[in-house]
Amino acid sequence: MLTHRFLLTLGSNDTSEDHISKSCEALRRLPGMRDLLFSTPRRSLPISFGLSDALFTDVVVLGATTLVKEEFSQVLKSLEHKAGRTAEQRRLHPEIIPIDIDLILWEGQVLKPQDLERPYLITGLQELGISDWRSLVRE
C-alpha cells in the first residue's frame, strides 16, 4: 500500500500537556499511520503570535500515512476540533490555542516554509535524528 511521508508540528498554550498528549495518542490510533516518531514536548515562547505571552508546548512528528493529503489534512482539522479548536473558539478566544496541528512537509514538499526555521522544530528534528530539514525535501 502506498504511503506518504510527512512532518507535523503540534502546539498548544492551553492545558498544553493534556492537549498534546491526547493529540499524540489520537495520531497513534489513526488508521493508516506508519513509522511515527514524536519529539519530546518542549516549552517555548510564542513566535509571531502577539495575542498572548503564554508559553507553548510543541512536539515534532515524523511519519507516514496511507491517507492522501486531502484526507490527512481533514483528519488533522478534526483532531483540532475535538480538542476544542473551533471557529467559535477562535472568534471568542483567539489568544487560546488548545491544539494547533500544522502539516509542514508532505512527500518532500514544503508547505509551511516559515515554520522550518523555528527553534522548537529544529531541536525536535535533531532529537529524531534529522540534522537538517533539507534532507527531507525532494529536489
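The values are calculated or read from the model by the stated rules, or taken from the named source; none is laboratory data. If you're wondering where the values come from, they're calculated on a predicted model, not measured in any experiment. For neighbour counting, all protein chains shown are included, and Cβ atoms are generated from backbone atoms with ideal geometry for every residue, glycine included. Heads up: the accessible areas ignore ligands, DNA and RNA and are worked out on the full protein's heavy atoms, side chains in. Shrake-Rupley method; radii C 1.70, N 1.55, O 1.52, S 1.80 Å.
Observations on the structure shown:
- Per the listing 67, 62, the residue uniquely in contact with a Leu (Cβ under 7 Å, 6 or more places away or on another chain) and either surrounded by 15 or more Cβ atoms within 10 Å (Cβ to Cβ) or outside any helix (DSSP H, G or I) (or both) is 62.
- The residue list 116, 111 contains one member that is surrounded by fewer than 17 Cβ atoms within 10 Å (Cβ to Cβ), closer than 28 Å to residue 89 by Cα and free of Cβ contacts under 8 Å to residues at least 24 places away in the same chain, which is 111.
- Residues of the stretch 123-139 that turn out to be in a helix (DSSP H, G or I) and open to solvent by 60 Å² or more (accessible area, probe 1.4 Å), as a count: 4
- Residue check, residue 5 open to solvent by 40 Å² or more (accessible area, probe 1.4 Å), under 18 Å from residue 135 (Cα atoms) and touching a helix residue (DSSP H, G or I) at 6+ places or on another chain (Cβ under 8 Å): yes
- The single condition among (1) surrounded by 15 or more Cβ atoms within 10 Å (Cβ to Cβ); (2) at negative phi; (3) not acidic (Asp, Glu) that residue 86 does not meet is (1).
- The residues in the stretch 8-22 that are touching a residue at least 24 places away in the same chain (Cβ under 8 Å) and either among the small types (Gly, Ala, Ser) or over 15 Å from residue 60 (Cβ atoms) (or both) can be counted, and the count is 9.
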